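The structure appears below as structure tokens.
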Amino acid sequence: MSSLDAAARSAGVSRKTNETDIALDFNVDGTGISELETDVPFLNHMLDLFTKHGQFDLRVKAKGDIEIDDHHTVEDIGICLGQTFREALGDKKGIKRYASVFVPMDEALAQVIVDISNRPHFEYRAEYPSQQVGSFHTELVHEFLWKLALEARITLHVIVHYGHNTHHMIEAVFKALGRALDEATTVDPRVTGVPSTKGVL
């Protein structure tokens, strides 16, 4: 993934604990390329969608204690993605900062609103018909998104307005997340410095 290695707005992190071993590289200004090796197939699918629709580049290699469950792996990947996102953006000069995106997936509709604010906050409104998609527990979507918002230091609101198929509903969330973060991180040539009256983000 040479574009990731050479990009200005990119970062990488390694995280090794008694529960997980993760190496993650993230490029804000990518082309939608993902290289994903984790023990959680459904998360691989969601991260692939996130990367493609955000036009990022993402490389993840992760091993975790999935013999217990997927919780630690999903949580720690969210932590690592948030850390690299924050580092890659640097001083945030010129970015749009805000975005609100709706994405339909057949009968499901999700909305993601972001503010790259340096004030971590997470609001989540979603009720899924099923508690699992395959072996993946839907409560882990909240865990992943919350840790991403916390470590990226962004304000993140996620709303699933409706839907009948749990897979479709979660898929719409990850597509909307990618598109919202892509829009919010876009450099606007009209913006001088950072988009805040405080003068810093």
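In the set ARG86, ARG15, which member is surrounded by fewer than 22 Cβ atoms within 10 Å (Cβ to Cβ), touching a helix residue (DSSP H, G or I) at 6+ places or on another chain (Cβ under 6 Å), not in a strand (DSSP E or B) and not acidic (Asp, Glu)?
Within the list ARG86, ARG15, the selection yields ARG86.
Which residue is least open to solvent (accessible area, probe 1.4 Å), if the candidates are limited to the stretch 45-83 and must be more than 11 Å from ILE22 (Cα to Cα) and polar (S, T, N, Q)?
Top of the filtered list is THR51.
Does at least one position in the stretch 26-39 carry a residue that is part of a helix (DSSP H, G or I), surrounded by 16 or more Cβ atoms within 10 Å (Cβ to Cβ), at pLDDT 95 or above and not aromatic (Phe, Trp, Tyr)?
no
I need a count of the residues in the stretch 114-170 that are of a type in the set (Asp, Glu) and assigned to a loop (DSSP other than H, G, I, E, B). Reasoning before the result, please.
Keep residues of the stretch 114-170 that are of a type in the set (Asp, Glu), which gives 115, 123, 127, 139, 143, 151.
Going one step further and asking which of them are assigned to a loop (DSSP other than H, G, I, E, B), we end up with 127.
Qualifying residue count for the region: 1.
Is it the case that some residue within the stretch 72-85 is more than 26 Å from LEU201 (Cβ to Cβ), touching a Phe, Trp or Tyr at 6+ places or on another chain (Cβ under 9 Å) and aliphatic (A, V, I, L, M)?
yes
Can you tell me which residues in the stretch 157-181 are free of Cβ contacts under 8 Å to residues at least 40 places away in the same chain and either open to solvent by 50 Å² or more (accessible area, probe 1.4 Å) or within 7 Å of ALA108 (Cβ to Cβ) (or both)?
HIS167
What are the residues in the stretch 91-113 that are surrounded by fewer than 16 Cβ atoms within 10 Å (Cβ to Cβ) and not in a loop (DSSP other than H, G, I, E, B), if any?
TYR98, SER100, PHE102, PRO104
For the stretch 82-101, check the following and say yes or no: at least one residue is closer than 19 Å to PHE136 by Cα and among the hydrophobic types (A, V, I, L, M, F, W, C).
No, the stretch 82-101 contains no residue that is closer than 19 Å to PHE136 by Cα and among the hydrophobic types (A, V, I, L, M, F, W, C).
For the stretch 120-149, enumerate the residues that are open to solvent by less than 60 Å² (accessible area, probe 1.4 Å) and hydrophobic (A, V, I, L, M, F, W, C).
PHE122, ALA126, VAL133, PHE136, LEU140, VAL141, PHE144, LEU145, LEU148, ALA149
The values are calculated or read from the model by the stated rules, or taken from the named source; none is laboratory data. Nothing here was measured: the structure is a model prediction, and the numbers come from that model. As a convention, Cβ positions derive from the backbone with ideal geometry for all residues, glycine included, and neighbour counts pool all protein chains shown. In case anyone asks, the SASA skips ligands and DNA or RNA and just uses the protein heavy atoms, side chains included. Shrake-Rupley method; radii C 1.70, N 1.55, O 1.52, S 1.80 Å.
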